[in-house]
1. Out of all the residues in region 143-189, which are among the basic types (Lys, Arg) and over 22 Å from residue 346 (Cβ atoms)?
2. With the requirement that a residue be more than 15 Å from ligand 1 (Cβ to nearest atom) and among the hydroxyl-bearing types (Ser, Thr, Tyr), what does region 150-197 give you?
3. Right, residue 353: in contact (Cβ under 8 Å) with a residue 40 or more places away in the chain, touching a Phe, Trp or Tyr at 6+ places or on another chain (Cβ under 9 Å) and not in a helix (DSSP H, G or I) or not?
4. Write out, first by first residue and then by second, each pair whose Cβ atoms fall under 6 Å of each other, whose residues are 6+ apart or on separate chains, and whose first residue, in region 72-101, is under 14 Å from residue 49 (Cα atoms) while the second is outside any helix (DSSP H, G or I) and among the charged types (D, E, K, R).
5. What are the residues in region 41-67 that are loosely packed, with under 13 Cβ neighbours inside 10 Å and in a helix (DSSP H, G or I), if any?
6. How about region 268-296: which of its residues are touching a residue at least 60 places away in the same chain (Cβ under 8 Å) and closer than 23 Å to residue 236 by Cβ?
7. Scan 15, 87, 107 and give me the residue that is within 16 Å of ligand 1 (Cβ to nearest atom) and surrounded by 18 or more Cβ atoms within 10 Å (Cβ to Cβ).
8. Step by step: first the residues of region 198-233, then only those that are open to solvent by 10 Å² or more (accessible area, probe 1.4 Å) and within 16 Å of ligand 2 (Cβ to nearest atom), then the one that is farthest from the chain's Cα centre (by Cα). Which residue is that?
Amino acid sequence: MADPKKLFIKTYGCQMNVYDSERMAEALGASGYVTTERAEDADMILLNTCHIREKAAEKVYSELGRFKPLKTANPDLKIGVAGCVAQAEGEEIMRRQPLVDLVVGPQTYHRLPAMEAVVQAGGRAVDTDFPEEDKFEHLPKAPRAKRAPAAFLTVQEGCDKFCAFCVVPYTRGAEVSRPVARVLREARDLVERGVREITLLGQNVNAYHGEGPEGTWGLARLIRELAKIDGLARIRFTTSHPNDMEDDLIAAHGDEPKLMPYLHLPVQSGSDRILKAMARKHTAESYIRLIERLRAARPDLLLSGDFIVGFPGESDQDFEDTMALVREVGYGQAYSFKYSARPGTPAAEKTPVPDDVASDRLQRLQALLTEQQRAAQAAMVGRDVSVLFEKAGRLPGQMVGKSDYLHAVHVTDPRAEAGQIARVRIIASGPNSLAGELV
Ligand code: 5AD
Ligand code: SF4
């Protein structure tokens, strides 16, 4: 038998891209590909791209340029661009970069095997449709290999919120939820393959409204059903919009033990004026009230958020309002960004805040968020938490896992095994992780 062809996938951006890259590898697995960690060994290179911020497309073009020597050395090498830059740029990628053989958007990668056949025959293939069919149902069946203990599962895709700064509604398309039965089937399959923790993914995951028995199910009902799967120990979900936090989902944080006490709930700004300009459709006050309700349900909930500074029109006072909100809420973890104008979005038409002002604000906000993150980690020292071990650490005998609160925890103990959930006493806090010992 011929050696299997090798596939190198480089993934940019969000967790959904990580999930999509796994699915693309499986789809091409059916065409005889195995994955490799080394681009130099590959018969096919796929860049799974992100378009959310900064000069995303430019970065992809320069990355592609770097593959030129590989293509010269191996003329049979096929190069593809997938993900949100592929969706946004389409054919333009082929025009600007002749070494690209294949362009596939986030909603059509189930067609990769057919596209691969076209490029193997010497052609070029572009597919950036938003098809009617469910891509997940049309993916070639993957061999049922053992899986790592923590997995992602996409339950919802796309977004209808149209925040003024965001490309997601254009690149990922309208909001679509996968039917309940398909999600449950995939979850059971993951658990049979060794998965103990599932993170439900969606660009707007708490807007989930999948067809199920007795009509449409919300995310809370889906989580409660998933929690009945024996062997599944932990459930998380990301990422959410404040306006879709239904009552039952808030309640589930208090009464569903498998739902982990960590919530990523982006607010973007603490200024009502800016929130309005961003078309977020909530206020700083309504967000804070929501956090209070969540904390009433689950007092130890660790909160995470996203922030944008320097949105067009943001004044010093608007920025101070964001700082005040951060102080009031107290985040355990956060992501903050300087606003970047995305072509085709409404905010891109507006006059930007001077770059040095935005950079200054970002620095101040990040200093505050880092301080809060450190404090949240330091507060874990001396506590016993449960840790799901995922893989060996860098040091000999070390295992790394995640606590309930999603902190990375290192333990050096020969008894610690991947896939095991253990009680761990936290003994020290580093910049981005905790150290502990088995209780
Ligand atoms: N500029 C800066 N940050 C952005 N985000 C989304 N669009 C932009 C943009 N144009 C951030 C938001 C979002 C996160 C995924 O990325 O904070 O929640
Ligand atoms: Fe983008 Fe999130 Fe707003 Fe949807 S809710 S438009 S994904 S920022």
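1. Scanning region 143-189 gives 144, 146, 147, 178, 182, 185, 188.
2. 154, 177
3. For residue 353, the condition - in contact (Cβ under 8 Å) with a residue 40 or more places away in the chain, touching a Phe, Trp or Tyr at 6+ places or on another chain (Cβ under 9 Å) and not in a helix (DSSP H, G or I) - is met.
4. Matching pairs, first to second residue: 79/101.
5. Selection gives 41, 58, 62, 65, 66.
6. We begin by selecting, within region 268-296, every residue touching a residue at least 60 places away in the same chain (Cβ under 8 Å); these are 268, 277-281.
Within region 268-296, just 268 meets the criteria.
7. 87
8. My answer is 209.
The values are calculated or read from the model by the stated rules, or taken from the named source; none is laboratory data. This is a predicted model, so every value here is computed, not measured. Every residue, glycine among them, receives a Cβ derived from its backbone with ideal geometry; neighbour counts consider all protein chains shown. Heads up: the accessible areas ignore ligands, DNA and RNA and are worked out on the full protein's heavy atoms, side chains in. Shrake-Rupley method; radii C 1.70, N 1.55, O 1.52, S 1.80 Å.
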